[in-house]
1. Tell me the per residue accessible area of the chain using a 1.4 Å probe; a whole number in Å² is fine.
2. Could you give the DSSP H helices of the chain that reach 15 angstrom or more along their long axis (alpha carbon positions) and whose average Kyte-Doolittle hydropathy is no lower than 0.0?
3. Applying 1/(1 + (r/R0)^6) with R0 = 41 Å to the Cβ-Cβ distance of Lys116 and Ala42, what FRET efficiency is obtained, to the nearest 0.05?
4. What does the charge add up to near Lys117, with Lys and Arg as +1, Asp and Glu as -1, over the other residues with Cβ less than 13 Å from its Cβ?
5. Counting pairs of alpha carbon atoms under 8 Å apart in space and at least six apart in sequence, what relative contact order in percent does the chain give?
6. Can you give the local net charge around Ser103? Use residues other than it whose beta-carbon is closer than 11 angstrom to its beta-carbon, Lys and Arg +1, Asp and Glu -1.
7. From the Cα gyration tensor of region 118-187, with a ≥ b ≥ c the square roots of its eigenvalues, which class applies: rounded if a/c is under 1.5, or else prolate if a/b is larger than b/c, or else oblate?
8. State which entries of Lys117/Lys139; Lys64/Lys136; Lys59/Lys137; Lys116/Lys137; Lys116/Lys139 exceed 20 angstrom in Cα-Cα distance in the structure shown.
Amino acid sequence: MYKAAVIGTSSGGMAALKAILPLLPAGFSLPVIVVQHVGANADNYWVGVMDEMCALHVKEADEKEQITPGNIYVAPPNYHLLVETDRTLSLSVDEKVNFARPSIDVLFESAALAYKKQLVGIVLTGANHDGAKGLKKIKEMGGLAIVQDPATADSSYMPAAAIAATQADYIVPVKDIANLLIKIIQL
C-alpha cells in the first residue's frame, strides 16, 4: 500500500499540475509532495491559486513539518525539499543539483529512502534531466514510477530522460495521471 506521492516538473509544469492536482478528491489518502522548478526569487503565488482550485490543501512546505494525508506540499523557491526518515519535511540551501534548487532528484531520492516501496514517483514535463536519477532510485527501493507521456509534455526532455533511466510502471498522458493515482490507491 502506498503512503505518499512525489511529483517533479519544470518547463510547462504549471499547466501539468493544473491538469492533475484539482482532480484529486478530498478523500485522497496520499500526501503529495511537489517540486516545480521556479526562479530563486519567485513569490509562489501559484500555490495559493492551486489551493483554491483543489479539494486537498496546497501549501508551501515548512521545515520539520509532519507529512499528512489531505495535503499537497510544494517546495519553496530556492530551497531543496527533502523527506526525512521520520517522514517529516526538511529544507536545504545546499548547492544546486541539475542546475536547480529545488531539485527533483533531491526530493525523490530522500523520499525513496523514507518510504521505500510505499512511494509513488511522478515525472512530468521539463527541459532537463532532473528527476530521472531520483525516479530510478524510487524504482530501486520498490516504489512505483509514473512518467508523463513525452508526446503530451510541453517539454519532452525530462519525461524522456526518466524513461531512459528506469523502467516506468506507467507512461500516460498528463490528463490521465489523476485518475491513475486514484485507481492505484484503491487497489
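1. I get 42 Å² per residue for this part.
2. Taking the DSSP H segments of the chain (at least 15 Å long, mean hydropathy at least 0.0), we get 104-115.
3. 0.80
4. +2
5. Relative contact order for the chain comes out at 23 percent.
6. Net local charge, Ser103 excluded: -2.
7. Oblate is the answer for region 118-187, as a/c is 1.5 or above yet b/c matches or exceeds a/b.
8. Flagged as over cut-off: Lys64/Lys136; Lys59/Lys137.
The values are calculated or read from the model by the stated rules, or taken from the named source; none is laboratory data. A quick note: this is a predicted structure, and the numbers were derived from the prediction, not measured. Cβ atoms come from the backbone with ideal geometry, glycine included; neighbour counts cover every protein chain shown. These area figures cover heavy atoms from the full protein model, side chains too; ligands, DNA and RNA do not enter into them. Shrake-Rupley method; radii C 1.70, N 1.55, O 1.52, S 1.80 Å.
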